[in-house]
Every structure is written in C-alpha cells, then in structure tokens.
1. Which members of the range 206-239 meet the condition of being in contact with a strand residue (DSSP E or B) (Cβ under 8 Å, 6 or more places away or on another chain) and polar (S, T, N, Q)?
2. Looking at 185, 125 in this structure, which one is open to solvent by 50 Å² or more (accessible area, probe 1.4 Å) and at pLDDT 95 or above?
3. Which of the residues belonging to the range 128-150 are surrounded by fewer than 20 Cβ atoms within 10 Å (Cβ to Cβ) and touching a Pro at 6+ places or on another chain (Cβ under 8 Å)?
4. Of all the residues that make up the range 201-244, how many are open to solvent by less than 70 Å² (accessible area, probe 1.4 Å) and over 17 Å from residue 106 (Cβ atoms)?
5. In the range 114-124, what residues are assigned to a loop (DSSP other than H, G, I, E, B) and either within 14 Å of residue 12 (Cα to Cα) or touching a helix residue (DSSP H, G or I) at 6+ places or on another chain (Cβ under 7 Å) (or both)?
6. Report those strands (runs of 3 or more DSSP E) wholly inside the range 1-99 carrying at least 2 residues which are open to solvent by 50 Å² or more (accessible area, probe 1.4 Å), more than 14 Å from residue 207 (Cβ to Cβ) and of a type outside the set (Val, Ile, Thr).
Amino acid sequence: MHLTAIPGGTVMLRDSRRNTERRVVLQPFRIATTPVRAGEFVFDLENASSLENVEAPASGVRWLDAVAWCNAASEAEGIEPAYTFTDEAVRWNPAANGFRLPTEAEWVFASLGGGLGPRYGPLSEIAWSALDDVGAPQTVGRKAPNDYGLFDTLGNVWEWCWDRLDPARYGEYRLLKGGGWADPEWSCRVGVRRGNAPDAIVEDVGFRAARGAVADSAGADGGQGWSEAADRQRAAASHPLPLGWTPLR
C-alpha cells in the first residue's frame, strides 16, 4: 500500500440534509493512493488465492472490520495503533501515527486534489460507476488520478470515514463517501454523504487508509474536523425528536 503526502489546507464541508456548512483547517497527513485492495485486506496468501480479483478494492467491509484492519496493519509495521477497542466503543488516539480511517474533512480535501467542484474530472474518465455497466468492483488504478495522485476516490466502492453520519438522527452510524460501481452520476460526487451502521455489510463498501498524528496527546478531543464533544453536542437536541430519530447516547 502506497501513501501520498497531502499538504495542510482549508476545506468547506457541506451537509445538504441539515443545510449547514463549516470550514475546517487541516494539518498535513498521508492517505493511500487507492482503496485497500482485496488481497491486502485478507492479510494471508491462502485466503488471498481464493479471491476473484485481489487487485480490486476490498468490498462488503464493515466499519468495525476497517478499523480493526488499520490496527492490525499498524502492529504489523511496529507502529502505535490509532484505535482502542472497548465493550462499548472504538476510541481514536489522535496522537498516534498508526493507520486509521480518514476524517470526512481529510477525505474531501484529498479527493478534490487541490481543486473545486463536485469531482476532479469527467466521471467516465475518473470513476467506475453505473456509466460503465460493471457488476463488481474493478481493479484499482485503471481510471485517471487526481492531482494528488489518488485513484478511485469516486466510484468503484464507497469508502468508510471515521466520522458519524449524523449523531442526532442516526446515533453511531458512520459516514460513507465517494459512490460505488453501480451508482448513478449524482451519487459519485465529493459532497455526497451516505452512512450505515458500524456492523453493516454492504457489497459496494470498502475503505482507504490514512496516517498522521494530529494532536499532542492521546486525550485530545479528536482532530482534522472531527470532535467527540461536537458530535455529542449535535446529538443533544432540546426539541422533540421526529419519529425514527435515534440520537447518540
């Protein structure tokens, strides 16, 4: 897995569902040039040999599996894992330099490749989507990269981020970005937000690994546009909740 250095900068995050936007200032970080491949995800040659395409993105990956893989990859390289697992939650240590999922702000900034707009080029040239009429994830790196050298940030598979989708409405649901191989053009835009439960298995979902310590201590309240305190503040709605809302507890 090759990681590319992404410079620090500023990104605007928009949530059309809540009609909000916020400005995030990012520290430099590193992110993989492609989604984690199927052959990389299984970690052992015996299981990899049974895969139909080891060079396609790993798919059908739960969020919980993605963060566990990041820790295993860190341990394999002898670096401090980014996550701690308890019976109740997964905690991110923002001072650790281990492999981790990107925050939404990191993902958006990296996917834009220094540009603006809904995508970094014509969809047919940069992404596997419904336009290609394929029935499975495709070998990574066969479409054009963005100016940061990243492939497949749009299309091919949706990618898990660290952030919660909407802690007031969907509790622990985690964020997905980028669109998948069967999605229409409107889904394969940098600004589109989707999410699912951490233990959900969806066939067109994978992930991309990042690295980079973004705080001075393990006790810091997040970083790179995400904060546990901010999530809990958004979830603590004082008004009556609409039917079906399950706020973060």
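1. 224, the sole residue that qualifies.
2. 125 is the lone residue from the list that is open to solvent by 50 Å² or more (accessible area, probe 1.4 Å) and at pLDDT 95 or above.
3. 130
4. The number of residues fulfilling the criteria is 10.
5. Within the range 114-124, 114, 115, 116, 117, 118, 119, 120 qualify.
6. Once the strands (runs of 3 or more DSSP E) in the range 1-99 are filtered for at least 2 residues that are open to solvent by 50 Å² or more (accessible area, probe 1.4 Å), more than 14 Å from residue 207 (Cβ to Cβ) and of a type outside the set (Val, Ile, Thr), what remains is 9-15, 20-26.
The values are calculated or read from the model by the stated rules, or taken from the named source; none is laboratory data. Just so you know, these numbers come straight off a predicted model, no measurement behind them. Cβ sites come from the backbone with ideal geometry, for glycine too, and all protein chains shown count toward neighbours. What goes into the accessible areas is simple: the full protein's heavy atoms, side chains included, and nothing from ligands, DNA or RNA. Shrake-Rupley method; radii C 1.70, N 1.55, O 1.52, S 1.80 Å.
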